[in-house]
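The structure appears below as structure tokens.
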Amino acid sequence: MASDRLRRYPVILDTNAFFLPFQFRINLDSELARIVGSYDYFIPRSVVTELEGLLSGGEPMSREAMALFEHLSPDIVEGSGPADRDVVDLAADLNGAVLTQDARVRKRALSSGVPVIFLRSGKHLQLQRPEPF
């Protein structure tokens with residue numbers, strides 16, 4: 001039902017989010033459900049391009065990351081720049097959060113007023129909201 005989809009929290013995946021389950025043995029679905037409830041995955045096209053580049057470059061675990069991408073089948077949204085900027089812009093546009101382990105993306109998101117979901121202590125995901133001004 002379309003109205004159900006509108007109530008789901010948008011989670012925008014950065015490229016490194018696709019490696020988290022394999023590097024740290026966490027279940028993204030159960031962790032996200034625990035911290036945000038109902039959600040949908042979104043990624044900018046630039047993240048798909050980065051994943052494809054890692055796969056063609058033979059990056060370790062890139063096959064697993066691409067398999068996860070295909071399994072999650074996130075909504076792909078066109079962007080206008082590099083992936084780091086696109087994930088933050090998309091999260092801002094959708095009023096969602098960025099799932100990333102990249103410190104620069106995290107800082108950019110928080111300074112733009114966008115919440116960030118990140119791996120805490122190598123064990124569980126945590127939601128960090130921006131500081132109020």
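No value in this document is a laboratory result; all are computed from the given coordinates. Remember, predicted model here, so these are calculated numbers, not experimental data. FYI the Cβ positions are ideal-geometry reconstructions off the backbone, even for glycines, and counts take in every protein chain you see.
For the chain, what number results from the quotient of the Cα radius of gyration and 2.2 N^0.38 Å?
Details: Rg = 14.0 Å, N = 133, 2.2 N^0.38 = 14.1 Å.
For the chain, the normalised Cα radius of gyration comes out at 0.99.
Which whole-number percent is the relative contact order of the chain (Cα, under 8 Å, 6+ apart)? Present the calculation step by step, with values, prior to reporting the outcome.
On the way: 207 pairs, mean separation 37.4, N = 133.
So the answer I get is 28 percent.
Please work out the ratio of the alpha-carbon Rg of segment 19-66 to 2.2 N^0.38 Å and round it to two decimals.
So segment 19-66 has a normalised radius of gyration of 1.32.
Count the net charge of all other residues whose Cβ sits under 13 Å from the Cβ of A83, scoring Lys and Arg as +1 and Asp and Glu as -1.
Net local charge, A83 excluded: -4.
If r is the Cβ-Cβ distance from H124 to S56 and R0 is 35 Å, what FRET efficiency results, to the nearest 0.05?
Calculated transfer efficiency: 0.60.
At 7 Å along the Cα-to-beta-carbon direction for both R25 and S80, put a label point, then send me their distance in nm to one decimal.
Going from the R25 label point to the S80 one covers 4.5 nm.
Hey, can you grab everything whose amide H is under 5 Å from the amide H of L125? Only 5+ residues off in sequence or another chain; H modelled, so Pro and N-termini drop out.
When sequence neighbours closer than 5 places are left aside, the close amide H contacts are R120.
How large is the helix-only mean residue ellipticity at 222 nm for the chain, computed as the sum of -39500 (n - 2.57) over DSSP H runs with n ≥ 4, divided by its residue count, in deg cm²/dmol to the nearest 500?
The per-residue figure over the chain is -13500 deg cm²/dmol.
What ³J(HN,Hα) values, in whole Hz, does the Karplus curve 6.51 cos²θ - 1.76 cosθ + 1.60 give for segment 80-97 when θ = phi - 60°, with x put for Gly and Pro?
Calculated HN-Hα couplings, in order: 10, x, x, 4, 4, 6, 4, 5, 5, 4, 5, 4, 5, 5, 8, 6, x, 10 Hz.
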